Amino acid sequence: MKILKPDDFTIARLGKAEFISPLKDNVFIPENQNVCYSFHSEPLQKELQEFGKFLSFEKAGPRERIFHDPAKSKAAILTAGGLCPGLNDVIKGLVSTLMEIYDVPEVIGIKYGYRGLNPAFGLEPVRLDPEIVDDIHNSGGTILGSSRGNQDIGIMVDTLQKLCVNMLFCIGGDGTLKGAHAIAQEAMKRKLNLSVIGIPKTIDNDISYMHRTFGVETAIYATHPIITCAHNEAKGAYNGVGLIHVMGRDSGFIAALASLANSVVNYCLIPEVPFKLDGPNGLLESLHRRLAAKQHVVIMVAEGAGQDLFKNAPVQMDASGNVKKNNIGEYLRDRIIAYGKEKKFDVSMKYFDPSYVIRSVDARGTDAVYCLLFSQSAVHAAMLGCTDMVVGYWGTDFTHVPIALAVSERKKIDPSMTLWQSVLQITGQPEFK
Ligand code: F6P
C-alpha cells in the first residue's frame, strides 16, 4: 500500500480561473471544499498529527469562476481500451454538458482511441453535437470506436495542437489513463492550455482511489441470468457442475460481486486469493464432497484466478501492456472432468464463458445515472482548468484524482475486508489452505 502525503492529492491547474461561469442559479462548489480520504477516526487523527490537515481529494462540481472561456473552447473526446457498458452514456453526457450547459461551440470525437490522434492511421475526427448523440446511450459499445495501446506522445500532442483543442476527455481504464497522463505532461511542458481529463471506465473496477468505476454495476447485472442458467443446468443433471468463467484480469470484483448478487454460487475463485486444486484441502476433493451431498454445484471463476497452476506457460502481453491470462476456466473444466473419471463418479459439466457479453451491453439503471454524473464532473473540471486528472467517486462524492495517483497501484479485493468475507459466508466455500 502506497504511503500517502497531501501532495499526492494535488491537482494540476493550467492557471487562474478568471472567467465567470455561465451556469446560472447553480450551487457552486467552494474552492476549499474537499472530500476526506479516510473515513475512520484513527487514520484521520494520524493525518492531523503528521500533516496538520486531513488527506483529501478536491471535490468535483461546478465552480463560480472557470479558467477556459467556453465561447473559445474546442473539446475532443476519445474512448480507449476494452469496451464497457456506459461509454456512449459518457460521450452523450460530455457533449450535452459542454454544448448545452457551457455553450462550447465545437466538440469532436477522436476515432479508435489514441490511434485517432496519430495521422498515420488516417482517422479523421468526427463532429459531435447533442442531436448526433441524442439516443446513443441506448446502445452498448462506443460510437467512436476504441483501441488498445498507446501512440507516440509527441505526435498526439502535435495533432491536438493542430486541431486547436483545449480540452481532451479520455474515457478508459488504467492503460488509457497512463496515456492521458503522458499527454497532459507533454502539453504542460509545451505550456499549452490543454485540460486533459480522464473518466474511469472498466468492468474490472481495478482503478485505485475511487470506490467504483462506471460499467461495473451493469456487468454484474449482465452476469445475473448467466448464473441462473448455470444453476438451472447444474440442478437439472445428476452431479451437474455449472462452471462460469468471467473477466477480471487482476482483480476479482466482477466474480465476487456477481456471486453476492445471485447467491447460488458455491465456489468463487478470484486472482487475489490463491486456491489449491489437489489434496484433502483442495478444490477437487471439496467439489467431490459437495456433489456427494447435493448432486449439483455452481462455480464462478475470474480470468486471473489460479494462474500459478500454469507452470512454464509462456508470458504474453496485450497491446495495453497487460499480461494475458491463461484460460483458467477451460483448465478447471478439463481438470474437474478428468478428476470425475479418475475417482469414478459422474460429472455433468456445463461450462459457461459469457466473456464479452457482459461488457458490450448498454448501461442500466443507476449505472447510467453514474455515467452522466461522471461526465458532468469531468466537464466542470476541464472548465476549471484542471489537467492530468481523472474523475473519481469516493464515499458519497465525485472527486478530482491526479492520474499519477490513480494508476500508482491496481485496486484489488482485500481478502480480510467485508466483500470477500461475505463471499466466503454466502458460498460456504472452504479457504483451501
Ligand atoms: O476491460 C478489462 C477486461 O475486461 C479484462 O478483465 C480482460 O482481461 C480484458 O478486458 C479483455 O479485453 P480484450 O479482449 O479487449 O483485450
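The values are calculated or read from the model by the stated rules, or taken from the named source; none is laboratory data. The model shown is predicted, which means the values in this text are computed figures rather than measured ones. We place every Cβ from the backbone using ideal geometry, glycine too, and count neighbours over all the protein chains shown. Just so you know, the surface numbers come from the protein's heavy atoms only, side chains and all, with ligands and any DNA or RNA stripped out. Shrake-Rupley method; radii C 1.70, N 1.55, O 1.52, S 1.80 Å.
If DNA, RNA and ligands are ignored and the probe is 1.4 Å, what is the ranking of M417, M247, M300 by accessible area, most exposed first?
Result of the area sort, largest leading: M417, M247, M300.
Ranked from the most accessible area to the least, with a 1.4 Å probe and all protein chains present, what is the order of V90, V264?
Output order, biggest surface exposure first: V264, V90.
Give me, ordered by chain and number, the residues 5 or more places off M389 or on other chains with an amide H under 5 Å from its own placed amide H.
V196, G198, I403
Round to a whole angstrom and tell me the spacing of the C-alpha centers of the range 137-158 and the range 319-377.
25
Assuming 0.36 nm per residue, please report the length gained on full extension of the stretch D103 to K294 beyond their Cα-Cα distance.
62.5 nm
Please compute the volume of the convex hull spanned by the alpha-carbon atoms of the chain and report it per residue in Å³.
152
Long-range amide H contacts for K201: which residues qualify at under 5 Å (H placed 1.01 Å from N, peptide plane, sequence gap of 5 or more or a different chain)?
Close amide H contacts, sequence-distant or interchain: G172, G173.
In nanometres, what is the gap between the two model label sites at D129 and K5, each 7 Å from Cα along Cα-to-Cβ?
With each label placed 7 Å out from Cα toward Cβ, I get 5.0 nm.
Quick check: the angle from helix 174-189's long axis to the longest principal axis of the chain, C-alpha only, nearest 10 degrees?
Between the helix axis and the principal axis of the chain, the angle is about 20 degrees.
Can you work out ³J(HN,Hα) from phi for every residue in the range 305-314, in order, using Karplus 6.51 cos²θ - 1.76 cosθ + 1.60 and θ = phi - 60°, giving whole Hz and x for Gly and Pro?
After applying 6.51 cos²θ - 1.76 cosθ + 1.60, I find 6, x, 5, 5, 6, 9, 6, 6, 6, x Hz.
Quick one: with all protein chains in place, what share of the accessible area of the chain is carbon or sulfur, to the nearest percent (1.4 Å probe)?
Taking all protein chains in place, the chain shows 52 percent carbon and sulfur surface.
Starting from the Cα of V27, step 7 Å toward the Cβ, then list every residue of the range 391-415 with an amide N under 14 Å from that point.
Of the residues in the range 391-415, 396-398 have backbone N under 14 Å from the label point off V27.
Among bridges DSSP assigns within the chain, what percent are antiparallel (round to 5)?
The answer is about 40 percent antiparallel.
Tell me the label-point distance for the pair M317, C36, using the 7 Å Cα-to-Cβ offset, in nm and rounded to one decimal.
4.2
I'd like the accessible area for R364: 1.4 Å probe, protein heavy atoms, all chains in place, Å² to the nearest 10.
90
Over all distinct alpha-carbon pairs, what is the Kirkwood Rh of the range 218-360 in angstrom?
Hydrodynamic radius (Kirkwood, Cα only) of the range 218-360 equals 15.4 Å.
How big, in percent, is the set of alpha carbon pairs in the range 332-433 lying more than 18 Å apart?
74
Please list, by residue number, every one of the chymotrypsin sites (Phe, Trp or Tyr not before Pro) in the range 34-118 that is coil in DSSP and has at most 14 other beta-carbon atoms within 10 Å.
Those that pass, being in a loop and sparsely packed, are F39.
With axes computed from alpha carbons, what is the tilt in degrees of helix 41-51 against the longest principal axis of the chain, rounded to the nearest 10 within 0 to 90?
Helix 41-51 and the main axis of the chain meet at about 40 degrees.
Probe of 1.4 angstrom, ligands and nucleic acids ignored: what's the accessible area per residue over the range 93-182, in square angstrom?
Accessible surface, normalised per residue, equals 41 Å².
Tell me, what HN-Hα J-couplings in whole Hz come from the Karplus equation 6.51 cos²θ - 1.76 cosθ + 1.60 at θ = phi - 60° for each residue of the range 245-250, using x for Gly and Pro?
Karplus-based 3J(HN,Hα) across the range 245-250 equals 10, 10, 5, x, 5, 10 Hz.
Can you list residues whose amide H is under 5 Å from M349's amide H, if they're 5+ apart or on another chain and H is modeled 1.01 Å from N?
V241
Once you put a point 7 Å from the Cα of L44 and another 7 Å from the Cα of F432, both along the Cβ direction, what distance in nm separates them?
It is 3.9 nm.
Residue by residue through the range 84-92, which ³J(HN,Hα) values in whole Hz follow from phi under the Karplus form 6.51 cos²θ - 1.76 cosθ + 1.60 (θ = phi - 60°), with glycine and proline marked x?
Residue by residue, the range 84-92 yields 7, x, x, 4, 5, 4, 5, 4, 4 Hz.
Cα axis of helix 153-162 to longest principal axis of the chain: angle in degrees, 0 to 90, nearest 10?
Approximately 40 degrees, to the nearest ten.
Could you provide, to the nearest whole Å², the per residue accessible area of the range 218-360 with probe 1.4 Å?
For the range 218-360, the per-residue accessible area is 44 Å².
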